[in-house]
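Below is one structure, written out as structure tokens; the observations come after it.
Derivation of every value follows stated rules applied to the coordinates shown; laboratory data play no part. A quick note: this is a predicted structure, and the numbers were derived from the prediction, not measured. Cβ: placed from backbone, ideal geometry, glycine included. Neighbour counts: every protein chain shown.
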Amino acid sequence: MSIFDIHPLTWEGLLCCFLSGVIIGLERQLRGKPVGVRTSALVCTGTYIFIAMTRAVSTDATDPSRIVGQVVTGIGFLGAGVILTRQGVVVGVTSASAIWVLAAIGATIGLGFSWLGVRLAVLAVIILIGVDLLENRFDAMQRGVHQKRQSAGGSKQDSPKGSQ
């Protein structure tokens, strides 16, 4: 066995996890959000490892879908740790959702759809940036927890949003 043999994992799968984590994590980190590049790459890669290993050891007597369910549950707890209440406003929901999507991407890659995972990461960033642009462009999208407030200097400043 070669040192470079990582079966049942693949170098392509690990690369796609890293790329997906960087794509989403960079957007989050550049905006100063809790889930950055390291966390994103690790969540995606960890999920990939669990799913790929499950595929490798599954038999007729086992149910690999149970591992997927357990990963989803575990990621839910991780995401819940990102959600906080600050001055009566819930923050971190979008970061928690990003963690959830990263796990789904890791599962997608673990099931053998490596480059689909990268495309899904690009789609997630398009959603994150696109909705932010819409919120800044249209007043109707700046209601409730998405409301922008005026700072002391008179410029618009982000208030704690219901989704970070």
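For the stretch 81-137, the Kirkwood estimate of the hydrodynamic radius, built from every pair of different alpha carbons, is 12.8 Å.
Nearest 10 degrees, 0 to 90: what angle lies between the long axis of helix 114-137 and the longest principal axis of the chain (Cα atoms)? Here the helix axis deviates by roughly 10 degrees. When Rg/Rh (Cα atoms, Kirkwood Rh) is calculated for this entry, the matching label among [x] 0.98; [y] 1.08; [z] 0.96 is [y]. Rounded, prolate or oblate: which fits the stretch 1-98, taking a ≥ b ≥ c as square roots of the Cα gyration tensor eigenvalues, rounded meaning a/c under 1.5, else prolate when a/b beats b/c? In terms of gyration-tensor shape, oblate.
Placing +1 on the Cβ of every Lys and Arg and -1 on the Cβ of every Asp and Glu, with nothing else charged, gives the chain a dipole about its Cα centre of roughly 720 debye. Between the Cα long axis of helix 11-30 and the first principal axis of the chain there is an angle of about 10°, rounded to the nearest 10. Length gained on full extension, residue 89 to residue 5, computed as 0.36 nm times the residue gap minus the Cα-Cα distance: 25.4 nm. Where only DSSP H runs of four or more residues are counted, the chain gives -20500 deg cm²/dmol as its mean residue ellipticity at 222 nm, each run worth -39500 (n - 2.57). For the chain, the relative contact order works out to 25 percent when only alpha carbon pairs closer than 8 Å and six or more residues apart are counted. Farthest toward the positive end of the dipole of the stretch 1-85, out of 64, 26, 53, is the Cα of 26, where the dipole comes from beta carbon charges about the Cα centre.
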